[in-house]
Amino acid sequence: MAEHVSLGLHRFAVLTAAATLVLLFLGGLVTSTGSGLAVPDWPLSFGQVFPEMKGGVLFEHGHRLAASLVGCLTVVLAVWIVLRDARPAVRVLALTTLFAVVLQGVLGGVTVLYKLPLAVSVTHACLAQTFFCLTVTLAVVTGRAWRERRSRHADLATPSLTVLAAGTTVLVFAQLVLGALMRHMHAGLAIPDFPLAFGRLVPPLATTLITVHFAHRVGALLVTLAVAGLVARVVRRHRAEPLLLRPVLLAAALVVLQVTLGGLVIWTHRAVVPTTTHLVVGASLLATCLVVALRAARFTTAPRALRAAPAEPRRAFA
């Protein structure tokens, strides 16, 4: 019965994380279509729960409905974990995730009521990525592999791999912050060509918009190098461990796709589909690197004698 509950909880955590990724896509659509103020009031829409869904209202109010659904899923997940998971750290993580989704909803309302102030809009976007990371972490730590510490080749994991994976994750998050700043400053086309910038490797940083845009491109290069280093490390030393190999190969594919989408954003003059997909692929890359970091830390810190045996149920994150 306990195993059944754990499996159900894990699947529900995965569902919540997947729903959050869809919500990020819908939020990106709001920004890409310029629909942020299509509905001028909050929490209602034109004083209604279900206004006429057309034009920008379809994107903005659809985003609100999806956010409400994710909020409900998060409430259920948090309550389920608090009631059924004995690990204190996981309980705290679940309650933190619940707090984050509530705060995110409030920030969304403030963004509308104060007419999209830059600081609030960027904070709203960054908190969305943070909340997504929290849901992904809950999905990982409620999984059977994490709970039972099963890994055939985890002996190969070292603290340096954890540091490399965690550093890559932080770098990807910083890049997403730059992307949010660029998006909400409307600097997406401040440099109109790609891969060059005004026909040069380094453009004249004549305006703030150009500087922010170019910083985002430099960040993309750094992320690409960091992911390449992480992939090389895992392939060279940990290829026998699928729980590490699969996500790093996925990360490599996502980087290639992300750079391609970055070019398409410029070449199509910020067309809605590539611009929004660019945001979601960035979030997927962040989540993938986070999974690698979590698993590397788990394999490194778990005592070898316990890796093939169920963990004690009341240890934090055990």
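Taking θ as phi - 60° and the Karplus parameters 6.51, -1.76 and 1.60, the scalar couplings of the stretch 61-76 work out to 6, x, 5, 5, 5, 5, 5, 5, 4, 4, x, 5, 4, 5, 4, 4 Hz in sequence order, x denoting glycine and proline. For the stretch 79-204, the Cα-based Rg and Dmax, in that order, read 19.8, 59 Å. Rounded to the nearest whole Hz, the Karplus-based 3J(HN,Hα) values (6.51 cos²θ - 1.76 cosθ + 1.60, θ = phi - 60°) of the stretch 138-145 follow the sequence 4, 5, 6, 6, 8, x, 5, 4, with x at glycine and proline. In the calculated pair-distance distribution of the chain, the portion above 27 angstrom amounts to 48 percent of the Cα-Cα pairs. Entry note, the chain: the mean residue ellipticity at 222 nm calculated from DSSP H runs of n ≥ 4, each adding -39500 (n - 2.57), is -25500 deg cm²/dmol after division by the residues and rounding to the nearest 500. What you get for the stretch 42-109, charging only the Cβ of Lys and Arg (+1) and of Asp and Glu (-1), is a dipole of about 220 debye around the Cα centre. Taking all Cα-Cα distances within the stretch 1-75, those exceeding 19 Å account for 44%. Over the C-alpha atoms of the stretch 90-130, the Rg to Rh ratio, Rh being the Kirkwood estimate, stands at 1.07.
Working note: Karplus 6.51/-1.76/1.60 with θ = phi - 60° gives the stretch 180-188 the couplings 5, 4, 5, 5, 7, 8, 6, 9, x Hz, where Gly and Pro are set to x.
Placing unit charges on the Cβ atoms only, positive for Lys and Arg and negative for Asp and Glu, gives the stretch 231-295 a dipole magnitude near 280 debye about its Cα centre. Each peptide among 128-141, 9-22, 272-285 gets the average number of other Cβ atoms lying within 10 Å of its residues, and from highest to lowest they stand as 128-141, 272-285, 9-22.
Where the only charges are on Cβ atoms (+1 Lys, Arg; -1 Asp, Glu), what is the dipole of the chain about its Cα centre, to the nearest 20 debye?
Charge dipole of the chain: 1140 debye, to the nearest 20.
Where a number appears in this text, it was derived from the coordinates with a stated rule and is not lab data. None of the values given here were measured: they were computed from a predicted structure. Ideal geometry is used to build each Cβ from the backbone, glycine not excepted, and the neighbour counts take in all protein chains shown.
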